[in-house]
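Computed from the coordinates by the stated procedures, all read-outs in this text should not be read as laboratory data. What you are looking at is a predicted structure, and each value in this text was computed from that prediction instead of being measured. Quick reminder, even Gly has a Cβ in these numbers, built from the backbone with ideal geometry, and neighbours come from all protein chains shown.
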Amino acid sequence: MNSYKEKLNHITTFIFDVDGVFTDGSVQLYNNEVIRTFHSRDSYVIQYASKLGYSFFAITGGHSLEVQNRLLGLGMKEVHLRSSRKLDIYNDIKIRFNLTDAEIVYMGDDIPDLPVLEHAGISCCPQDASSDIKRMVDYQSPILGGKGCVRDIVEQTLRAQGNWMKPEAFEW
């Protein structure tokens with residue numbers, strides 16, 4: 001089996017879980033609203049890589065329209081909410097966007113992500129993912145969920161492909 005570093009050269013698409021990946025998994029309630037915190041470096045790398053032609057998707061069991069709007073606003077192609085059957089959505093994305101498993105990174109942190117992690121070309125997780133997930137992924141980020149783990153795997157991919165720090169993706 002190739003190391004995940006060798007597989008980075010084939011990646012065109014990133015699919016992420018949300019809670020525990022983009023966020024630290026904490027849920028704060030304020031006036032009956034759920035509050036989540038996103039890391040600015042995760043947000044920036046999606047905007048940056050999208051401008052270079054990479055595709056981004058999210059598949060989450062959550063149902064927050066605010067989270068959906070935030071991620072779509074960063075450049076994600078689709079955000080799938082209330083997803084209890086993540087593998088079905090993953091396969092649908094593959095078909096509709098003419099993708100192979102080898103082109104896809106999937107990052108998840110808990111048991112509902114397991115079926116997709118078993119199929120993605122590169123499976124990865126944040127440092128604080130559940131122990132079951134950490135044991136089976138190709139790459140375990142040294143960074144915690146909600147603290148820049150998304151940036152970690154995207155930046156590694158872009159660097160491996162010679163696409164990091166491309167002036168055409170900057171807006172200054």
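Some points to look at:
- The residue that is surrounded by the most Cβ atoms within 10 Å (Cβ to Cβ), among those in segment 109-156 that are in contact with a Phe, Trp or Tyr (Cβ under 8 Å, 6 or more places away or on another chain) and hydroxyl-bearing (Ser, Thr, Tyr), is Ser123.
- Close Cβ contacts (under 7 Å, 6 or more residues apart or on different chains) running from residues in segment 131-157 that are over 19 Å from Ile111 (Cβ atoms) to residues that are surrounded by 19 or more Cβ atoms within 10 Å (Cβ to Cβ) and of a type in the set (Gly, Ala, Ser) comprise Asp152/Ser141; Ile153/Ser141; Val154/Ala49.
Per-residue answers, yes or no, for (1) more than 21 Å from Phe22 (Cβ to Cβ); (2) among the acidic types (Asp, Glu); (3) in a helix (DSSP H, G or I):
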position: Tyr90; (1), (2), (3): no, no, yes
position: Ala102; (1), (2), (3): yes, no, yes
position: Tyr106; (1), (2), (3): no, no, no
position: Ile133; (1), (2), (3): no, no, yes
position: Ile143; (1), (2), (3): no, no, no
position: Val150; (1), (2), (3): no, no, yes
position: Leu158; (1), (2), (3): no, no, yes
position: Gly162; (1), (2), (3): yes, no, no
position: Glu168; (1), (2), (3): yes, yes, yes
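- If the condition is being free of Cβ contacts under 8 Å to residues at least 60 places away in the same chain, among the hydroxyl-bearing types (Ser, Thr, Tyr) and closer than 22 Å to Tyr4 by Cα, then segment 82-123 contributes Thr100, Ser123.
- Only one of the numbered conditions (1) part of a loop (DSSP other than H, G, I, E, B); (2) closer than 14 Å to Met107 by Cβ; (3) in contact with a Leu (Cβ under 8 Å, 6 or more places away or on another chain); (4) not small (Gly, Ala, Ser) is violated by Ile46, and that is (1).
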